[in-house]
Amino acid sequence: MSTTQQRPLNGVDTEALFSTIEAVRQQPEAAAFRFRVANRWVSGNHSQGRFPGFFGAGQEHIHATGTVVDADHPEVLCGTDAGPTPAELLLNALAACLTAGLGNMAAARGIELRDVRCQVEGDIDLRGILGLDESVRNGFSDIRVTFEVDADGDADAVRALVAQSQARSAAYDVLTHGTRVTVDVTSAGRSDG
């Protein structure tokens, strides 16, 4: 008896994807994940984020690759331009989440992707951040996402993939449905030592 292993389509192991879906269906408690970021101030507007690991599928996990992400502001916004702004990193998180979803959805539907490009733009009015106008929000007023997709599916199939990715994107959900955020201080003041 021989088994035929399918090659990953679009870099996605669809057997593992469908097995994961079934495992979560059978054990809903395995769906509870907690992701973490550890950020440390460097100087001025510059900080560095690290990703120490996460909890998921009932256990702790450490990322295979250590990653450090610098964030800063450009000189025109009183920074040193040592990295993208936090707002740009947020836009990238949205793009990355939608793009990953598109890759998974395409593989699950047997559609081969040749090239996927995602452009995201967001509009911010600094009067809110700077406290100059209380009627202006601090964050993005509008965000626009545009995909260019070269795939073996027709235009309607590609639009359906993007729509499904949008419907399942955690980053899109956070931005469009709001999420409770709690901010606390565990220590304050002078550190001796």
Practice task
Please list, ordered by first then second residue, the pairs with beta carbon atoms under 7 Å, 6 or more apart or interchain, first in region 48-76 and more than 28 Å from GLU22 (Cα to Cα), second aromatic (Phe, Trp, Tyr).
Solution key: THR67/PHE51
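Collect the residues in region 153-171 that are in contact with a Leu (Cβ under 8 Å, 6 or more places away or on another chain) and open to solvent by 70 Å² or more (accessible area, probe 1.4 Å), keeping them in residue-number order. I'd like the intermediate steps shown before the answer.
Filtering region 153-171 down to residues in contact with a Leu (Cβ under 8 Å, 6 or more places away or on another chain) leaves 153, 161-162, 165-166, 169, 171.
Correct list: GLN166 only.
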Exercise for the section: Please specify each residue of region 14-57 satisfying the condition of being more than 30 Å from GLY79 (Cα to Cα) and among the small types (Gly, Ala, Ser). Expected result: ALA16, SER19, ALA23, ALA30, ALA31, ALA32, GLY56, ALA57
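Can you find a residue in region 84-100 that is of a type in the set (A, V, I, L, M), in contact with a strand residue (DSSP E or B) (Cβ under 7 Å, 6 or more places away or on another chain), at pLDDT 95 or above and in a strand (DSSP E or B)?
At the first step, the residues of region 84-100 found to be of a type in the set (A, V, I, L, M) are 87, 89-91, 93-96, 98, 100.
Within this subset, residues satisfying the condition of being in contact with a strand residue (DSSP E or B) (Cβ under 7 Å, 6 or more places away or on another chain) are 87, 89, 91, 94-95, 98.
Next cut, at pLDDT 95 or above only: 87, 89, 91, 94-95, 98.
Add one more test, that the residue is in a strand (DSSP E or B), and what stays is none.
No.
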Handout entry: Hits in region 46-83 (condition: among the aliphatic types (A, V, I, L, M), modelled with pLDDT of 95 or more and within 17 Å of ILE124 (Cβ to Cβ))
Key = ALA71
Handout entry: Entirely in region 1-83, the strands (runs of 3 or more DSSP E) that have 2 or more residues that are within 26 Å of MET105 (Cα to Cα) and open to solvent by less than 100 Å² (accessible area, probe 1.4 Å)
Key = 54-56
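The values are calculated or read from the model by the stated rules, or taken from the named source; none is laboratory data. It should be emphasised that the depicted structure is a prediction, and the values quoted were computed from it without experimental measurement. Don't worry about glycine lacking a Cβ; one is built from the backbone with ideal geometry, like all the others, and counts go over all protein chains shown. In case anyone asks, the SASA skips ligands and DNA or RNA and just uses the protein heavy atoms, side chains included. Shrake-Rupley method; radii C 1.70, N 1.55, O 1.52, S 1.80 Å.
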